[in-house]
Amino acid sequence: PAAPPVFYAGSAPTASAQEQAAVQAASHPPAISAAEAADIKAAERAAMLAEIREEELCAAEATAKRIGSWAAAVKARAVPCAAEQAEVERCYAAPPGGDQLRCGSAVDALVRCARL
């Protein structure tokens, strides 16, 4: 069974001075000046910017590393159809009988190579 409600005839019991001070301190944080508030905001902003810069720097470094390895792989590859291309260039530079139309077989060989 629940206890019956308590009614006070006079005034309700009051909290001690320490309890009242604790309640007031909890409900009202200590006042800070506008300059202190601005300093706190500036420090928070600087910390957030530093974190964002660090994240962006890490992402940029990862991208640069990925592009560098891709470029190295591309440079390491042999030029496809290099021999056929050289033959076409040689033929056009000094065509047989002075007629560039006679370079058709070299061009056809380059086209066949390029399609593979």
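Springs between Cα atoms under 10 Å define the GNM used for the chain, and in it the highest mean-square fluctuation of ALA82, ALA22, ALA31 occurs at ALA22. Applying 0.36 nm per residue to the separation of ARG90 and ALA73 and subtracting their alpha-carbon distance, the gain on full extension is 3.2 nm. Computed over the chain, relative contact order equals 16 percent, with contacts defined as Cα pairs under 8 Å that lie 6+ residues apart.
Please list ASP99, ASP39 in order of solvent-accessible area, largest first, computed with a 1.4 Å probe with all protein chains present.
ASP39, ASP99
Considering only GLU44, GLU19, GLU89, give the residue with the highest GNM mean-square fluctuation for the chain, with springs between Cα atoms whenever their separation is below 10 Å. Largest GNM mean-square fluctuation: GLU19. Three principal axis extents describe the C-alpha atoms of region 48-116; from largest down they are 74, 22, 16 Å.
When its C-alpha radius of gyration is set against 2.2 N^0.38 Å (N residues), the chain gives a value of 3.13. Near GLU51, once Lys and Arg are set to +1 and Asp and Glu to -1 for all other residues with Cβ below 12 Å from its Cβ, the sum equals -2.
Heavy-atom accessible surface of the chain, averaged per residue, reaches 86 Å², computed with a 1.4 Å probe. Neighbours of CYS103, meaning other residues whose beta-carbon lies under 11 angstrom from its beta-carbon, give a summed charge of -2 when Lys and Arg score +1 and Asp and Glu score -1.
The GNM of the chain, with springs linking C-alpha atoms under 10 angstrom apart, assigns the highest mean-square fluctuation among LEU101, LEU57, LEU49 to LEU101.
With a 1.4 Å probe and every protein chain kept in, tell me what percent of the accessible surface of the chain is carbon plus sulfur. For the chain, the apolar C and S fraction of the accessible surface comes to 63 percent. Please compute the net charge surrounding CYS113, taking Lys and Arg as +1 and Asp and Glu as -1 over other residues with Cβ under 13 Å from its Cβ. Its environment carries a net charge of -1.
The values are calculated or read from the model by the stated rules, or taken from the named source; none is laboratory data. The shown structure was predicted, so the numbers you read here are calculated from the model rather than taken from an experiment. Cβ sites come from the backbone with ideal geometry, for glycine too, and all protein chains shown count toward neighbours. Protein only, heavy atoms only, side chains kept; ligands, DNA and RNA dropped before computing areas. Shrake-Rupley method; radii C 1.70, N 1.55, O 1.52, S 1.80 Å.
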